[in-house]
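A short worksheet on the structure shown next.
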Amino acid sequence: MAFSTETDEAPRMTRAVQALIAITVAIYFLQMTVVQPRDIWGWLAFKQGDLTHSVWTVVTYAFVHLGFWHIAFNMYNLWMFGPRVEHMWSPGRFVAFYLWCALGGVLGHLMFGGGGVLMGASAAVLGVMLAYAMHWPDEELLLFGVVPMKVKWLVTILAVTDLVQGVFSYGLSGATGSSVAYMAHIGGLAFAWFYLRTPSAQSLDRLRQRISPVADIPDETPRAIPRSSPRPRERTNERVSASDEAVAKSKAVVVKRPAPPALPRASTDPRADALNLVLDKISAKGIGSLTADERKLLDEMSRRLRGD
């Protein structure tokens, strides 16, 4: 897959995406060279009984892969779709979303996937692809470098394919007969959709875009105002006496051009600055870190945005 048009809205590589790819590739390198693959899988892959003694595996399984094509496909899609989503959010929020989708993959696997070992970043990467498709649905890419396709249709096809394959592989016996965890993919997509449809996730970006301090209008530099010259006095005679000239000068009226009124400075709303700080805090630490006053400010500005 490759995008048919270049986008200038985000760098080709971002910090969080780079870190996630580096960690995943490093673990794969270790399992291929230093440590036996089964040992790595035993430490990091998720198994049904791990919830009682190896809780970390509910997210670490996303960094372990079965083989080269497994990791290559997932990391390529993360590199393709991840940077623009991270650039829109923040590195911290992107990593939290990635792990959230991985957690959804575990839930889908537990509910419908049987008792096999779960490994691979597919659930998390599919969540990132869904986030991309929901924000830029009409972005075109070249499937296999040839077929033009919009992102929304690509993600839709992948989701439907995983759902159909998952239902058929699960079968009537309640046990999956496939080595691919299709229902884990569906769990990652479901968690991503739920996250992206929550009001808090939708309003953060709109608040950042629509509520911001108004830029100050610079004051104009004072300009010298020329003194109006009196109109020349019409002479009826060729000679004017000195006394007449003095009287004429004393009666001349100098008209000064009034200075234009100063432009008012655009006032900035102090609440907008406070709101930006609150949004940054949510992106870094989550909405649970807000104080009562910060929650009150967020609710007030959200109602103001909705026009309540």
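Where a number appears in this text, it was derived from the coordinates with a stated rule and is not lab data. Because the structure is predicted, anything quoted here is derived from the model rather than measured. A quick note on method: Cβ atoms are made from the backbone with ideal geometry, for glycine too, and the neighbour counts reach across all protein chains shown.
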(Q) So if each residue of separation counts as 0.36 nm, and I subtract the Cα-Cα distance between Leu163 and Arg197, what length gain in nm does that give? (A) 10.2 nm
Q) Using r as the Cβ-Cβ distance of Asp273 and His135, and R0 as 30 Å, what FRET efficiency do you calculate, to the nearest 0.05? A) 0.70
Q. Any number yet on Rg/Rh for region 40-98, C-alpha, Kirkwood?
A. 1.06
Q | Inter-label distance, nm, simple model (7 Å from Cα along the C-beta direction), Glu300/Phe29 | A | 5.2
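If packing is taken as the average count of other Cβ atoms within 10 Å, what order do 78-91, 282-295 fall into, highest mean first? Don't skip to the answer; put the middle values down first.
Working: 78-91: 20.9, 282-295: 12.9.
Sorting 78-91, 282-295 by mean packing, highest first, produces 78-91, 282-295.
Rounded to the nearest angstrom and ordered from largest down, what semi-axes does the equivalent ellipsoid of region 12-63 get from its C-alpha gyration tensor (root of 5λ)?
One finds semi-axes of 23, 16, 6 Å for region 12-63.
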Q) Where a ≥ b ≥ c are the square roots of the eigenvalues of the C-alpha gyration tensor, would you call region 1-154 rounded, which needs a/c under 1.5, or, failing that, prolate if a/b is larger than b/c, or oblate? A) prolate
Q: For Ser179, put the label point 7 Å out on the Cα→Cβ axis and report which residues of region 52-78 keep their amide N under 18 Å from it.
A: 64-74
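Subtract the Cα-Cα distance of Arg38 and Phe73 from 0.36 nm times their separation in residues, and report this length gain in nm to one decimal.
On the way: separation 35, 0.36 × 35 = 12.60 nm, distance 2.14 nm.
Residue separation times 0.36 nm, minus the Cα-Cα distance, leaves 10.5 nm.
Between Ala292 and Met13, what length comes free when the chain is fully extended (0.36 nm per residue of separation minus the Cα-Cα distance, one decimal in nm)? Walk me through the intermediate numbers first.
Values: separation 279, 0.36 × 279 = 100.44 nm, distance 3.71 nm.
Going from the current span to full extension adds 96.7 nm.
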(Q) Classify region 61-126 from the C-alpha gyration tensor, please: rounded if a/c falls under 1.5, else prolate or oblate depending on whether a/b exceeds b/c. (A) oblate
